[in-house]
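See structure below.
The values are calculated or read from the model by the stated rules, or taken from the named source; none is laboratory data. None of the values given here were measured: they were computed from a predicted structure. Note that each Cβ is placed from the backbone with ideal geometry, even for glycine, and that neighbours are counted across all protein chains shown.
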Amino acid sequence: MGNLYHHKKLKILYFSKVDWFWTKQRPQQLAEQLAIDNKVDFLAIRSWRYNANVLIPRDNQDTNKKFIKVNDNLNVYRKRVIPKAKKLGLIKVNNFYIKSYLYRLYKMNNYDVIVCTAPNQIHYLDERINCPIVYDCMDNERAMENDTKQVYSDEKLLVHRCNWIISSSELLKMQLKKLYSIEKKISVVNNGVDFEFFNKFRKYNYKNNITPIIGYVGSVDSWFDFEAVNYIAKKCSDYRFEIYGPINKQVKSRIKLSPPNVYYYGSLNYLLVPQVIDSFNIAIMPFKNNEIVKTVNPVKLYEYLALGKNIIANYSEENLKFSKYIEFYTDKQSLYKKIVELSNAVSSQDIVNTKIIFAQNNSWKKRANLFLDIIMRSVIH
């Protein structure tokens, strides 16, 4: 990995907030990259039922398995807990079960560091664990959950229990510092892109599309701007709008209201993501500017840029770091205007190359390098 501390191979437990087979994002990407030069155990809680909307098989791995040996340096542990435990009053049973299991893993493997990724994981950390704990905070958790008070309480405990915090965005870092009166022990490691994987699929000439394609790949949830998408689809009735990604059941009813030229395809196998994005005339990120989105450092923009795409995204303070490479919209009218402008524009190869170089400089490999460097400097003594 080319790290200053390459001689020191760490044993890392990465406790992920999402399953190994969930849409591939920060937890899986960091675990894979960290495992190049370190021993990594990836722990996640999995659902009882297979859900094709969010669980995507890959690399011939069986989604039913509770243990997967990805390679010599990376193991995946997937544990089930009692479903609907809160409703049944059995949360303490689940907490005890995972807490005991995690402690057994810790005793067996003698980890150098444990990485947590969600506030509720504080309940799974046995008091006898004495290795450093890092909180990899990638979302505004208080805005994502209904029980805000409980999330705040859990996150406060985790923040003060852990030795260091790594946030995925500068805004999220500032929010955490203010909320929990943190003076030090916090760093930023932005999201990134598997550059080598994405860039090698730059083969398709989207100009050959008989019908121009405006596309999005990512989660379809409460922050998705259905109103703006429907508006531009009606205004651009001769365009095709393709939306890929897991669809939250709470917003499925919104899809039925879509114009006939908007297509929601659901989850996409990660191996196909670059090829699909490469086929877009314009790649969009149609998000509402709510409390969740404001602190997001979008993985999707890095992936779009790795393919040199024309991009339109919602305006936010966090997205300003992409301002040289993408276009912003503030409302549905400005989104329509930007689509018309980009549809008629011709990007020079120099502009395309500039986008690709930016993505290359923001790869998951570089992010994992920084992540490891922070751990070595800040918590490993």
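Can you tell me how many residues in segment 139-170 are at pLDDT 95 or above and aliphatic (A, V, I, L, M)?
Count: 5.
Which residue is farthest from Tyr336 (Cα to Cα), if the candidates are limited to segment 226-269 and must be crowded, with 16+ Cβ neighbours inside 10 Å and among the small types (Gly, Ala, Ser)?
Here the residue is Ser267.
Select from segment 259-271 the residues that are under 26 Å from the mean Cα position of the chain (by Cα) and touching a residue at least 24 places away in the same chain (Cβ under 8 Å) and write down the one among them that is nearest to Thr330 (Cα to Cα).
Ranking the candidates gives Val262 first.
Of the numbered conditions (1) free of Cβ contacts under 8 Å to residues at least 60 places away in the same chain; (2) not assigned by TED's automatic domain parsing to the domain that holds Pro119, Ser181 fails exactly one; give the number of that condition.
Only one criterion in (1) free of Cβ contacts under 8 Å to residues at least 60 places away in the same chain; (2) not assigned by TED's automatic domain parsing to the domain that holds Pro119 is unmet by Ser181, namely (2).
Among the charged types (D, E, K, R) and either in contact with a helix residue (DSSP H, G or I) (Cβ under 7 Å, 6 or more places away or on another chain) or not assigned by TED's automatic domain parsing to the domain that holds Phe280 (or both): is that true of Glu341 in this structure?
no
Residues are listed down the side, and each one gets a yes or a no for (1) buried (at least 16 other Cβ atoms within 10 Å of the Cβ); (2) touching a strand residue (DSSP E or B) at 6+ places or on another chain (Cβ under 8 Å); (3) in a helix (DSSP H, G or I):
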site	(1), (2), (3)
Lys324	no, no, no
Tyr336	yes, no, yes
Val340	no, no, yes
Val346	no, no, no
Ile351	no, no, yes
Phe358	yes, no, yes
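Quick grid of which residues meet (1) aromatic (Phe, Trp, Tyr); (2) more than 24 Å from the chain's Cα centre (by Cα); (3) within 22 Å of Asn199 (Cβ to Cβ):
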residue: Val273; (1), (2), (3): no, no, yes
residue: Gly308; (1), (2), (3): no, no, yes
residue: Tyr325; (1), (2), (3): yes, no, yes
residue: Val352; (1), (2), (3): no, yes, yes
residue: Asn362; (1), (2), (3): no, no, yes
residue: Leu372; (1), (2), (3): no, no, no
residue: Arg377; (1), (2), (3): no, yes, no
residue: Ile380; (1), (2), (3): no, yes, no
